[in-house]
Amino acid sequence: MRVVGVIAEYNPLHNGHIYHLERARAQSGADYCVVVMSGNFVQRGESACTDKYTRAEWALRAGADVVLELPSVYAVAPAERFAIGGVRTLAGTGVVTDLAFGCEAPDLRTLYQISDIIVSEPPALRAAIKRHLSLGKAYPRARFDALREYGVPEAMLRAIAQPNNILAVEYLNALRAYAPNIEPLPIERVGTGYHSEEIAGAFASATAIRKAITEGRDEILDTMPSFVGGPLLYDEQFILPQETLGTLMLASLRRMSVHALADLPDVAEGFENVIYRAVRSVRTIGAFFEAVKSKRYTLARCKRIAVCALLGITKEQVRFTLEDRASVYLRVLGFQKTARPLLGEIARAKAAPLFVRNNDLADCTPIVQRNVETDALSTDLLCYATGRDLKRDFSGPVIL
């Protein structure tokens, strides 16, 4: 049996994602497709456009057979940790044979060459990265400039400058470390660029689609399947109130001591003091981000820090999750009825606990229980912010 894995956010699901799923199946020759999907909060440090069960249903209707949740501790994280979490989850099934990922340069040789340099990190490169970091640059920028200084060819630099290629390299690194038996399958991205806000034709970036939704522009309907576009554009319950969640984030940050702020992931070098002062001088989450972001602490990084404060994610929790081999779990968000044989095979071959509702946690390790509690808290917070009943964590997955 051949099973292709995909790591995604579907924030929201659009035609480019459907193309990716179709190509993943076709190029791998897979019998089944397993998607590992971010939960209620995503890598950019925001709540997703709607809850994880709705997005899991989208994925199933788009062609996935099983949707597993990417734990929040991995989902709200830089590219390296995001990739590790997705790969470890897929490896934990014991059945995934291929990992399909989108990229701008689907040349495995180039991606592996970049991966080789980053993984080995020669002393000269390490010193160059440290020097560029000392200039106040964010880590991705510092690493890029250091690679150029190290003498990496321009073609490789152009490749690593693309967002999906950066993530692709991290997937290769994670496969080497945690799942060497899973084959990488790069699929070339179609349509506009990752951060493009242009909508032209049937393919657009998720960034452009989210912007168009907030502006009520109906041309986005051509870029998504009808079961996604219609509800997002015309049903208010599908757009989560960021201002309510922003108030909750401010409250979470405001009640933390300097020491507690220092224990948030991605906080370093005294940044906790900047946060502590800023959160006492602003009234909105937008004003807070304006007060704290910098070249070193990008807006996305600041947003992730705020979400970690909201969800109670700490450096210790992240460290235990990364170090403990027993921290992996397979939380089923949804599956096709026709995929029951696949679930049966996962149940036999799995290297991690498999469960469909939080009631099944009794025999799991403490770090798994803590991470699942974090995921459940994200659902509780969305219930509070939206007034909707999202208690699916305890009632089971979506089944199509």
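Every number here is computed from the coordinates shown, using simple stated rules; none is lab data. On a predicted model such as this, the values are computed, not experimentally measured, just so you know. So basically every Cβ, Gly included, is an ideal-geometry build from the backbone, and we count neighbours across all protein chains shown.
Nearest 20 debye, what's the magnitude of the dipole of the chain about its Cα centre given +1 on Lys and Arg Cβ and -1 on Asp and Glu Cβ?
Working: 47 positive and 45 negative charges, 188 e Å.
With only Lys, Arg, Asp and Glu charged at Cβ, the dipole is about 900 debye.
Straight-line reach only, C-alpha to C-alpha below 19 angstrom: list the lysines that Lys137 could link to, leaving out same-chain residues fewer than 8 apart.
Answer for Lys137, where 19 Å is the Cα cut-off: Lys293, Lys295, Lys303, listed by chain and number.
Of the listed peptides 165-174, 76-85, what is their order by residue-averaged count of other C-beta atoms within 10 Å, with the highest listed first? Kindly include the intermediate steps, with their values, before the conclusion.
On the way: 165-174: 24.1, 76-85: 22.5.
Peptide ranking by packing, descending: 165-174, 76-85.
Where nothing but the Cβ of Lys and Arg (+1) and of Asp and Glu (-1) is charged, how large is the charge dipole of region 108-161 around its Cα centre, in debye to the nearest 20?
The calculation lands at about 160 debye.
Counting only other residues whose beta carbon sits under 13 Å from that of Gly16, what net charge do I get with K and R as +1, D and E as -1? Kindly include the intermediate steps, with their values, before the conclusion.
Values: positive: Arg23, Arg189; negative: Glu9, Glu22, Glu104, Glu188, Asp222.
So the environment of Gly16 carries a net charge of -3.
Residue farthest toward the positive end of the dipole of region 108-161, with Cβ of Lys/Arg at +1 and Asp/Glu at -1: which of Thr110, Tyr139, Leu125?
The residue sitting farthest along the positive end of the dipole is Tyr139.
Restricting to the chain, compute how many DSSP beta bridges are antiparallel as a %, nearest 5. Present the calculation step by step, with values, prior to reporting the outcome.
On the way: 5 of 29 bridges.
Antiparallel bridges: around 15 percent, rounded to the nearest 5.
Defining a contact as two alpha carbons under 8 Å apart and six or more residues distant in sequence, what relative contact order in percent does the chain show? Walk me through the numbers on the way to the answer.
Numbers: 680 pairs, mean separation 90.8, N = 400.
Relative CO of the chain lands at 23 percent.
Under the classification rounded if a/c is under 1.5, otherwise prolate if a/b is larger than b/c and oblate if not, where does region 1-126 fall, given a ≥ b ≥ c as square roots of the Cα gyration tensor eigenvalues?
On the way: a/c = 1.83, a/b = 1.29, b/c = 1.42.
In terms of gyration-tensor shape, oblate.
Of Val292, Asn181, Gly86, which is farthest along the charge dipole of the chain in the positive direction, counting Lys and Arg as +1 and Asp and Glu as -1 at C-beta?
Of Val292, Asn181, Gly86, it is Val292.
For the chain, what is the convex hull (Cα atoms) projected area averaged across all directions, in square nanometres? Provide the component values of the computation, followed by the final result.
Details: hull surface 74.7 nm².
Taking a quarter of the hull surface, the average projection is 18.7 nm².
When each pair of different Cα atoms in region 242-318 is counted once in the 1/r mean, what is the Kirkwood radius in angstroms, to one decimal? Show your work: numbers first, answer last.
Values: mean 1/r = 0.0828 Å⁻¹.
It is 12.1 Å.
In what order do Arg2, Arg296 fall by count of nearby beta-carbon atoms within 10 Å, going from fewest to most? Provide the component values of the computation, followed by the final result.
Values: Arg2 14, Arg296 18.
With the sparsest Cβ surroundings first, the list reads Arg2, Arg296.
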